[in-house]
């Protein structure tokens, strides 16, 4: 068994506060909810693209990888988790899914 080594350090992009507000408003107004995963991928892509594209990863990869963290994103937009609680875990989730 090989020892675990951490993946590359990913920068923490800013909190997509508008996305959370839009999601809550849609729920309150009975409109279809925006896709949190796709919204976070869109917001984070400009910051992460320079690190992911050289590895052959695109925004769809980011969206798919973030999909596994959907529940935590929902808890963030609902106010049950702060961004400072969610973002580091989300970045770790992504780093563990990067190709070696």
Checked region 72-89 for anything under 23 Å from residue 26 (Cβ atoms) and in contact with a helix residue (DSSP H, G or I) (Cβ under 7 Å, 6 or more places away or on another chain); matches are 72, 73, 74, 76, 77, 81, 83, 86
Find the residue count for region 90-100, including only residues that are touching a helix residue (DSSP H, G or I) at 6+ places or on another chain (Cβ under 8 Å) and either in a helix (DSSP H, G or I) or within 13 Å of residue 17 (Cβ to Cβ) (or both). 4
Which of the helices (runs of 4 or more DSSP H) found entirely inside region 13-79 contain at least 1 residues meeting this: in contact (Cβ under 8 Å) with a residue 40 or more places away in the chain? 17-29, 36-52, 70-77
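The numbers here are math on the coordinates, done by the rules we state, and not lab data. This one's a predicted model, so the numbers in the text were calculated from it and none came from an experiment. When we count neighbours, we look across all protein chains shown, and the Cβ atoms used for this are built from the backbone with ideal geometry, even at glycine.
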